[in-house]
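Written out below as structure tokens is the structure these notes cover.
Throughout, read-outs are computed from the coordinates displayed, never taken from laboratory work. All values derive from a computational prediction rather than experimental measurement. Cβ placement follows ideal geometry from the backbone for every residue including glycine, while neighbour counts extend to all protein chains displayed.
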Amino acid sequence: MYRFYRGPPCESDPENESDVSLLRGPEGMWFQSGRRRDLCAILYDAGELRGQKAKTRLERYYDVRIDPQSFYATLDALVESGHLERRTEGIHDVYGLTEAGASRVESYFAWLTERVENSERQVSDAGGRSLD
């Protein structure tokens, strides 16, 4: 079972002690792909989707056509890493998040929300002045 790693701050940002390292260790490497992250977010919202339906939703979000071979390789990687489960419904493969996948999306959301809130506080604390 994958667990979210809450370790010490990222070494790349020693000044931000509240930083959470999502990309540390092999279990966190899956988030280095925006496509994997966004696909998991789509499935978090939708529950389960056929592969083609998930591809269509991602293409609409990106406003670009995604190569089918590349897209299905992304799905396969997420299944192999334990973030998605695949089941067959008739002739179609249907995909859904595992508990580990849902946990990753929630952890990323919390981390991103904190970044946005910190940024908003910094802007309001500056009173409209440049922070540079």
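Here is how the numbers come out for the structure above:
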{"read-out": "Karplus-derived 3J(HN,Hα), 6.51/-1.76/1.60, for each residue of segment 49-66, Hz, glycine and proline x", "value": "9, 5, x, 5, 5, 5, 4, 4, 5, 5, 4, 5, 5, 7, 6, 7, 6, 10"}
{"read-out": "Amide H within-cut-off set for residue 50, under 5 Å, with H built and near neighbours excluded", "value": "95"}
{"read-out": "Extension gain, residue 102 back to residue 114 (0.36 nm per residue minus Cα-Cα distance, nm)", "value": "2.5 nm"}
{"read-out": "Virtual spin-label span in nm between residue 61 and residue 44, 7 Å along Cα→Cβ", "value": "0.9"}
{"read-out": "Amide H contacts of residue 83 (H built 1.01 Å from N, under 5 Å, at least 5 apart or other chain)", "value": "none"}
